[in-house]
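*Asks:* Pasting a structure here, questions to come.
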Amino acid sequence: MAKETTGATTMESLARGRTTGKFRCVNCFVRISPPPGAKTYKCPHCGFEWRVFWISPTFPRIRGPVWDVNRRLAAEEVSKQRKGGK
Amino acid sequence: MALNRKIAYINLTTGEIETKPIPISMRKKFLGGRGLDMYLMYNHVKPGVDPLGPDNVAFVSAGILVSTLASATARTHIGGKSPLTGYVGSANMGGFFAPEMRWAGFDHLVIKGKAEKPVYLWIHNGEIEIRDAKNIWGKTVHETQQIVREELGDREIKILTIGPAGEKLVRFANVMTGVKDAGGRSGMGALLGSKNLKCIACRGTMDIKIAHPQEALDYNKTFITQITSAKVSQTQGKIGTPFIWGSTNSWGGIRTNNFQYNQLEYSDDIEAESLDEVNIGMAGCFGCQVHCRARYIIPDGPYKGVYDEGPEYTAQGAFCGEPGCTKRNTLLVCNHLANIYGMDLLEVGSLTAWAMELYEKGILTDKDTDGLELRFGNDEAMIEMCHRIARREGLGDILAEGGLRAAKKIGKDSIKYLIHVKGMSNLHSDERGTPSLALGIATGSRGSDHLRSRPAVDLYHLPEPVLRKIYSTPVAYDGPLTSDYKDYEGKPWQVFWHETCYEAVDCLGICKYHTTFLAATGPNFEEWSRVLYYNTGLEMSPVDIWTVAERAYNMERLFNLREGLTRKDDWLNDRYFDEPTTRGIPAVQGRTIDREKFAKMIGEYYEHHGWDENGVPTPETLKRLGIDKEPSHVL
Ligand code: SF4
Ligand SMILES: [Zn+2]
């Protein structure tokens, strides 16, 4: 069952796909790009809002949720799902 | 050469010390570090011994690549029968101890018996002495390191030590090799304490001859570029592992108030960026370019001005998520206390949070806590419990016995609320929304933990082709793989793959942050094959290294089975199946683990291993791995 690989290693080939200036929204998983220096950013796809930390001027990361916004959105969505019988 | 380091057998009862070379055939079978330790453990620890009795054996080792030109090869391993679980005891730490031990001439120490009075080992350039530890017994981890360096007159001496918790046989006491480099899990500090062995001091100046130095240096440049350009490495180098909290607490993967919630809301004060405000600079382990270890000075309160290192992501969960505390100072102080007492902070936090739930449910009363209001969110109570557990005072003495023994003593239905596997408390992660992570903790060879097999990249929603690339190397896999962390399909293979990957790094002596753990783009088997050859001259293919790791993991399984482990021990607390999550993003709310699907996952995981439906390696598997005649007593 074992097989050796040739050419670029997994590490090398995956590293080519790295993105900059973006992070994945942890609600909808779409990669989103906050404007440089933004302290918070609302995901344009799902509306969840994140506090942003900048590792460097071009490298944003999620610091945490904007609690009041995301709690409300989550509660609304969950209640909708329950009503829909999901 | 890099492979001429020896194994030393040290008998603390008789004072006898014997050294032997390690045959190349054994290197090819187990490499070093955790792998060879697990072979030694199966061969030297007799079935059924008391883990705190003189018949248990402690194994201390360096990975085979430690102190070579390879990157981040700093890891020390310690093993023995666990005083906490009675199964595999095994813990791994960074820092500088293992490189020093290799420069002093040794790769593996096998420590038997029990000294009549407290002693320490002094290892230097091929020599090993057993010395009196009278003046360091009772001292904290940090004090011990300082006193021994002064006593031996060399500031470069590296020390692996226990703290007061290890002396008091707290069953989850750890061993430490620096200010915060901890071999945290499974109670290896209690094992050394039971032998009256306070510490091991090392200093060496014996050359390590690199097999192909120019190639090793050249290749290391590529390796370092890959590591340092990974986004995870850059993040860790800036704010350390607490960055993980930003993601996991955002979607709802943090075990909170013991197990009542899955997110610590409004906990901004303990986030990485808040910790960064008190960070006075990052430090790193031997040969590492990432430098993920934060250094801090406690800014206020009774411990104002005290220096320490960390805290890590694990401490955020242990001292804040699980007990529901949200103050940064609590995190900084508890982290410091765990470091000086020498305790596994994951157990301290988990068991305190468990006791808090018992208190709030009336199972523990003020009488049991000596008046301490053990409620969730009581920061002072969390700090106080660190002291009481380490000193074995009152309820702390009961918790110091570990969750299962404590539950027996406390009685009522306290066991129902204990979040553990095989008697080891779980990390602060809440795996109800992530079946792959749940499978990892249920099946880990040393109990519930995240460093045995956690497929952390399963949380990244990676596209299927990327998953396929990762999980089909170095051995072929054409089964299902899915990007959704809520799925059950294909996850057993991912857990098996990571288990094998992490075993391999622990044999090589490489840090887990330098493989496919937090970064999908980390080096693994293909890179290691080259690194191993350039540095040591050992020619082993990626598949050969995979097989070593499989072999070593099977030795762990054999050890556990011999100690009475059964399939039912690879299982989770009922709460995972019965209590739905209530917080986080909509996708993880209302989640439980499905019993039937989970049982099926375990079956598949066993199949990948070549184990039968009871989790026992089949004769064919043992033969394929060349361990069908164990114990073989070659070493
Ligand atoms: S990544 Fe961190 S823990 Fe790993 S070797 Fe580097 S400094 Fe040490
Ligand atoms: Zn989104």
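All of the numbers you see were taken from the coordinates with simple rules; none came from a lab. Just so we're clear, the structure is a prediction, and the values are computed from it rather than from any experiment. We place every Cβ from the backbone using ideal geometry, glycine too, and count neighbours over all the protein chains shown.
*Asks:* Exactly which trypsin sites (Lys or Arg not before Pro) in segment B:208-266 are in a DSSP loop and have at most 16 other Cβ atoms within 10 Å?
*Replies:* B:209
*Asks:* Still on this structure: Classify chain B: rounded, prolate or oblate, from the alpha-carbon gyration tensor (a ≥ b ≥ c, eigenvalue square roots; a/c under 1.5 rounded; otherwise prolate if a/b is larger than b/c)?
*Replies:* Here chain B falls in the rounded category.
*Asks:* Ok, one more. Mind listing which GluC sites (Glu not before Pro) in segment B:57-148 are in a DSSP loop and have 15 or fewer other Cβ atoms within 10 Å?
*Replies:* B:116
*Asks:* What's the average, rounded to a whole number, of partner chain beta-carbon atoms within 10 Å of each residue's beta-carbon in A:26-39?
*Replies:* The mean count of partner-chain Cβ atoms within 10 Å per residue comes to 2.
*Asks:* Enumerate by residue number the GluC sites (Glu not before Pro) in segment B:226-302 meeting two conditions: DSSP loop (anything except H, G, I, E, B), and at most 12 other Cβ atoms within 10 Å of the site's Cβ.
*Replies:* When the GluC sites (Glu not before Pro) of segment B:226-302 are filtered for loop state and at most 12 Cβ neighbours within 10 Å, B:277 remain.
*Asks:* So, in nm, how far is label residue B:366 from label residue B:135 when the simple model puts each one 7 Å beyond its Cα toward the Cβ?
*Replies:* Each label point lies 7 Å from its Cα, and together they span 4.8 nm.
*Asks:* Then there is this: Ignoring solvent entirely, what values of log10 I(q)/I(0) come out of the Debye formula for segment B:98-180 at 0.17, 0.20, 0.24 Å⁻¹ when each Cα is a single scatterer?
*Replies:* One equal scatterer on each Cα of segment B:98-180 leads to -0.74, -1.05, -1.49.
*Asks:* List every DSSP H helix in chain B whose Cα atoms extend 18 Å or more along the helix's own long axis and whose mean Kyte-Doolittle hydropathy is at least 0.0.
*Replies:* Helices meeting the span and hydropathy rule in chain B are B:328-341, B:345-360.
*Asks:* On a 0 to 90 degree scale, rounded to 10, what angle separates helix A:67-83 from the longest Cα axis of chain A?
*Replies:* That works out to roughly 80 degrees.
*Asks:* Could you put B:41, B:101 in order, starting from the residue whose Cβ has the fewest other Cβ atoms within 10 Å?
*Replies:* Lowest count first: B:41, B:101.
*Asks:* Could you tell me the center-to-center distance, by alpha carbons, between segment B:461-483 and segment B:26-75 in angstrom?
*Replies:* The distance from the Cα centre of segment B:461-483 to that of segment B:26-75 comes to 31 Å.
*Asks:* Another question about this same structure. Can you give the extra length, in nm with one decimal, that the chain gains between residue B:578 and residue B:28 once fully stretched, where that is 0.36 nm per residue apart less the Cα-Cα distance?
*Replies:* 193.4 nm
*Asks:* Given the C-alpha centroids of segment A:20-78 and segment B:246-276, what is the distance between them in whole angstrom?
*Replies:* 16 Å
*Asks:* For segment B:1-108, what mean projected area does the convex hull of the alpha carbons give, in nm²?
*Replies:* Hull-based average projected area comes out at 7.1 nm².
*Asks:* May I pose another question? What FRET efficiency, computed as 1/(1 + (r/R0)^6) with R0 = 56 Å and r the Cβ-Cβ distance, is obtained for residue B:391 and residue B:468, rounded to the nearest 0.05?
*Replies:* With R0 = 56 Å, the Cβ-Cβ based efficiency is 0.60.
*Asks:* If I histogram all Cα-Cα distances within segment B:461-501 using bins 10 Å wide from 0, what percent of pairs lands in each bin?
*Replies:* Histogramming segment B:461-501 at 10 Å steps yields 30, 63, 6 percent.
*Asks:* What value does the protein assembly as shown have for Rg/Rh, both radii from Cα atoms and Rh as Kirkwood defines it?
*Replies:* On the Cα set of the protein assembly as shown, Rg over Rh gives 0.94.
*Asks:* Now a separate question. If neighbour count is taken as other Cβ atoms inside 10 Å, put B:503, B:312, B:357 in order from fewest to most.
*Replies:* Placing the least packed residue first, the sequence is B:312, B:357, B:503.
*Asks:* Once a ≥ b ≥ c are taken as the square roots of the eigenvalues of the Cα gyration tensor of segment B:435-625, is the result rounded (a/c under 1.5), prolate (a/b larger than b/c) or oblate (a/b not larger than b/c)?
*Replies:* Verdict is oblate for segment B:435-625.
*Asks:* For segment B:435-625, what number of Lys pairs, 8 or more residues apart or on separate chains, have alpha-carbon atoms under 24 Å from each other?
*Replies:* 12
*Asks:* So how far apart, in nm, are the two label points at residue A:81 and residue A:19 if each is 7 Å from Cα heading toward Cβ?
*Replies:* Simple spin-label model gives 2.3 nm for this pair.
*Asks:* Suppose we take every Cα in chain A and form the convex hull; what volume per residue is that in Å³?
*Replies:* Cα convex hull per residue, to the nearest whole number: 150 Å³.
*Asks:* While we're here: How much length would be gained if the chain were fully extended between residue B:228 and residue B:614, taking 0.36 nm per residue of separation minus their Cα-Cα distance, in nm to one decimal?
*Replies:* Separation in residues times 0.36 nm, less the Cα-Cα distance, equals 134.7 nm.
*Asks:* Using a 7 Å offset from the Cα along the Cα-to-Cβ direction at both residue A:72 and residue B:277, what is the distance between the two label points in nm, to one decimal?
*Replies:* 2.6 nm
*Asks:* For a quick check: sort B:510, B:147, B:398 by the number of other beta carbons within 10 angstrom, fewest at the front.
*Replies:* B:147, B:398, B:510
*Asks:* Another one. Please label the shape of segment B:134-275 as rounded, prolate or oblate, based on the square roots a ≥ b ≥ c of the eigenvalues of the alpha-carbon gyration tensor (a/c under 1.5 means rounded; beyond that, a/b larger than b/c means prolate, else oblate).
*Replies:* Here segment B:134-275 falls in the oblate category.
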